[in-house]
1. Being within 28 Å of PHE20 (Cα to Cα), modelled with pLDDT of 85 or more and either in contact with a Lys or Arg (Cβ under 6 Å, 6 or more places away or on another chain) or in a helix (DSSP H, G or I) (or both): is that true of SER267 here?
2. Could you check how many residues of region 24-80 are out of contact with any helix residue (DSSP H, G or I) (no Cβ under 8 Å at 6 or more places or on another chain), over 30 Å from THR256 (Cβ atoms), polar (S, T, N, Q) and in a helix (DSSP H, G or I)?
3. If you check VAL81, VAL77, VAL48, VAL67, which single one turns out to be at pLDDT 80 or above and within 22 Å of the chain's Cα centre (by Cα)?
4. What about VAL252, is it buried (at least 19 other Cβ atoms within 10 Å of the Cβ) and touching a residue at least 60 places away in the same chain (Cβ under 8 Å)?
5. So which of TYR38, TYR8 ends up being buried (at least 17 other Cβ atoms within 10 Å of the Cβ), out of contact with any Gly (no Cβ under 8 Å at 6 or more places or on another chain) and aromatic (Phe, Trp, Tyr)?
6. For residues in region 157-177 being assigned to a helix (DSSP H, G or I) and surrounded by fewer than 18 Cβ atoms within 10 Å (Cβ to Cβ), which is modelled with the highest pLDDT?
7. Among LEU202, LEU289, LEU217, LEU293, which is the only one that is at pLDDT 95 or above and over 17 Å from LEU140 (Cα atoms)?
8. Scan LEU88, LEU59, LEU63 and give me the residue that is in contact (Cβ under 8 Å) with a residue 12 or more places away in the chain and aliphatic (A, V, I, L, M).
Amino acid sequence: KVEVWQIYGVLFLRSIGGIFHWPAMQASTTLMVPREHYSRIAGINQAVRGALNIIAAPLGALLMSLVQFYQVVAVDVVTAVIAITPLLFIQIPQPVHEDAGSILTPARILKDIGEGFKYLKAWKGLLYLLLVAAMLNFFLAPAGTLMPLLVTRYFGKGVWELSILESTLGIGTVAGGLILGAWGGFKKRIITVLSGVIGLGLGVCVLGLAPANAFSLAVIGCAFLGFMVPIANGPLQAIMQSTVPPEMQGRVMGVTGSVSSAMMPLSMVAAAPVAELLGIRTWFWAGGLLVMLIGGMGFFVPAIMTLEAHSKPQPILETGDQAVKEMNS
């Protein structure tokens, strides 16, 4: 018999794998894609994720009705194998590392994490951008958790209407990703990022301020929110890829991903009493306004607006310390 703690253990191991997967994928993109196409590739990736979010839930429900649960899990394993197999035949360029070929040990992992923090600390613009991403996660993450309660308790709707909002969110993400993939964003990527951040806040605000008898307005807010997700995220990833040397990207992106993810459980803890005392809508409109404020303030922070001044081609450096020195030179 499978125990709950065993499921938690598997999820924990899966999360550890994700910690390595995302930074490695982003860093590999830098080594394989021309710099001028970073935003477009990020937009296409966002569109693909949005499309998967649309079909995943109904497909999962269909499989659950046709086969046993363990067989559904087996499908996940099979698709993972399909995704991994092409990597065996694709040559991905590798940046030069001082400790290339060395055994991965806890000491080396801690050293890499320390170098990532050191790099961010030495570059104010990048550090501020990390803080912006962390605050966005803090204010926006609870919206997904509170969405079912907003639909049932405030709008007085049911599962069907909730699925409409979630599907609309995915459709908006696909549309935004495709447009970003074709357009590429403004020449100065940070303008696209901050405009997208303001758009994210506006979309959440519309959800929170929509009257109880205007569910269609909430649908529009969800579509706009989904549309702005790739507009904000895509160029942000492109900035990281074009400004951080390839050999430092895994460490820096690992740190930024960890810090941003850490905001999510903290925001859930904060959102629960706010929703209980002030109403479910409060977190939506208040969080949306704060996100819009954060995006607007970014335009007046020189360290953020001049961040891409470091986006010139950078040499492959040997160590994190040398990378920081090169960045500051």
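1. Working: within 28 Å of PHE20 (Cα to Cα): yes; modelled with pLDDT of 85 or more: yes; either in contact with a Lys or Arg (Cβ under 6 Å, 6 or more places away or on another chain) or in a helix (DSSP H, G or I) (or both): yes.
Here the answer is yes, as SER267 does meet what is asked.
2. Residues flagged as out of contact with any helix residue (DSSP H, G or I) (no Cβ under 8 Å at 6 or more places or on another chain), over 30 Å from THR256 (Cβ atoms), polar (S, T, N, Q) and in a helix (DSSP H, G or I) within region 24-80 amount to 1.
3. On the way: VAL81 fails: within 22 Å of the chain's Cα centre (by Cα); VAL77 fails: within 22 Å of the chain's Cα centre (by Cα); VAL67 fails: within 22 Å of the chain's Cα centre (by Cα).
Result of the check over VAL81, VAL77, VAL48, VAL67: VAL48.
4. Working: buried (at least 19 other Cβ atoms within 10 Å of the Cβ): yes; touching a residue at least 60 places away in the same chain (Cβ under 8 Å): yes.
Here the answer is yes, as VAL252 does meet what is asked.
5. On the way: TYR8 fails: buried (at least 17 other Cβ atoms within 10 Å of the Cβ).
Only one candidate qualifies: TYR38.
6. So the residue we want is ALA175.
7. Values: LEU202 fails: over 17 Å from LEU140 (Cα atoms); LEU289 fails: over 17 Å from LEU140 (Cα atoms); LEU293 fails: over 17 Å from LEU140 (Cα atoms).
Selected residue: LEU217, the only one of LEU202, LEU289, LEU217, LEU293 that is at pLDDT 95 or above and over 17 Å from LEU140 (Cα atoms).
8. Values: LEU88 fails: in contact (Cβ under 8 Å) with a residue 12 or more places away in the chain; LEU59 fails: in contact (Cβ under 8 Å) with a residue 12 or more places away in the chain.
One residue alone meets the criteria, LEU63.
The values are calculated or read from the model by the stated rules, or taken from the named source; none is laboratory data. Because the structure is predicted, anything quoted here is derived from the model rather than measured. Here Cβ is always computed from backbone atoms with ideal geometry, including for glycine, and neighbour counts include all displayed protein chains.
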